[in-house]
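Since the structure comes first, as C-alpha cells, the remarks are kept for the end.
The values are calculated or read from the model by the stated rules, or taken from the named source; none is laboratory data. This is a predicted model, so every value here is computed, not measured. Here Cβ is always computed from backbone atoms with ideal geometry, including for glycine, and neighbour counts include all displayed protein chains. For the accessible areas, the whole protein counts, side chains as well, though only heavy atoms, and no ligand, DNA or RNA atoms are used. Shrake-Rupley method; radii C 1.70, N 1.55, O 1.52, S 1.80 Å.
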Amino acid sequence: AAGIIALYILLITKAVYVAKTAKDDVGSYIAMGIAGIFIFHMVENIGMTMGLLPITGVPLPFVSYGLTSLVSIFIGMGFVLNIGLQSVRKYS
C-alpha cells in the first residue's frame with residue numbers, strides 16, 4: 001500500500017511540475033486541475049477504505065475497476081503529457 005501511495009505522490013508532483021513549467025496559462029490550469037482530481041480521488045478512496053470518510057463510490061485511479069473512470073484517467077494523463085511535451089519543445 002505504501003508503494004502505491006508513493007507512486008501516486010510521484011505522479012501528482014510531476015503533474016504539478018508540468019503545470020508550473022507550462023508555456024501558457026490554459027495548459028497550467030488543465031494540468032493543475034487534473035492533479036487536483038488525482039489528489040481528491042486518492043484521498044477520498046483511501047479515506048473510504050480506512051473508514052474515515054463516507055463511502056461515495058469514487059474509484060482509485062489506475063487501480064479500481066471501472067472502464068469509464070479508467071478511460072477518463074488515461075485521457076487526463078494524455079493531456080498532462082502533451083502539456084509537458086509542449087513546454088519542452090523548442091521551435092526555431
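Can you confirm whether the stretch 8-29 contains a residue that is out of contact with any Phe, Trp or Tyr (no Cβ under 8 Å at 6 or more places or on another chain), over 18 Å from Leu85 (Cα atoms) and open to solvent by less than 80 Å² (accessible area, probe 1.4 Å)?
No, the stretch 8-29 contains no residue that is out of contact with any Phe, Trp or Tyr (no Cβ under 8 Å at 6 or more places or on another chain), over 18 Å from Leu85 (Cα atoms) and open to solvent by less than 80 Å² (accessible area, probe 1.4 Å).
Looking only at the stretch 34-68, how many residues end up being among the polar types (S, T, N, Q) and closer than 27 Å to Lys20 by Cβ? Can you show your working first?
Filtering the stretch 34-68 down to residues among the polar types (S, T, N, Q) leaves 45, 49, 56, 64, 68.
So of that shortlist, the ones also closer than 27 Å to Lys20 by Cβ come out as 45.
Summing the residues that are among the polar types (S, T, N, Q) and closer than 27 Å to Lys20 by Cβ in the stretch 34-68 gives 1.
I need the full set of residues from the stretch 59-80 which are touching a residue at least 40 places away in the same chain (Cβ under 8 Å) and under 18 Å from Ile30 (Cα atoms), in order please.
Matches in the stretch 59-80: Pro61, Gly76, Met77, Phe79, Val80.
How many residues does the stretch 57-92 contain that are of a type outside the set (A, V, I, L, M, F, W, C), open to solvent by less than 90 Å² (accessible area, probe 1.4 Å) and assigned to a helix (DSSP H, G or I)? Before the answer, list the steps.
Taking the stretch 57-92 first, the residues of a type outside the set (A, V, I, L, M, F, W, C) are 57, 59, 61, 64-66, 68-69, 72, 76, 78, 82, 84, 86-87, 89-92.
Then drop every residue that is not open to solvent by less than 90 Å² (accessible area, probe 1.4 Å), which leaves 57, 59, 61, 64, 66, 69, 72, 76, 78, 82, 84, 86-87.
Next cut, assigned to a helix (DSSP H, G or I) only: 69, 72, 76, 78, 82, 84, 86-87.
Qualifying residue count, the stretch 57-92: 8.
Would a scan of the stretch 30-49 turn up a residue that is touching a Gly at 6+ places or on another chain (Cβ under 7 Å), assigned to a loop (DSSP other than H, G, I, E, B) and either open to solvent by 30 Å² or more (accessible area, probe 1.4 Å) or of a type outside the set (Val, Ile, Thr) (or both)? Explain how you work it out, then say what you get.
Restricting attention to the stretch 30-49, the residues satisfying the condition of being touching a Gly at 6+ places or on another chain (Cβ under 7 Å) are 34, 37.
Filter once more, keeping what is assigned to a loop (DSSP other than H, G, I, E, B): none.
No: zero hits.
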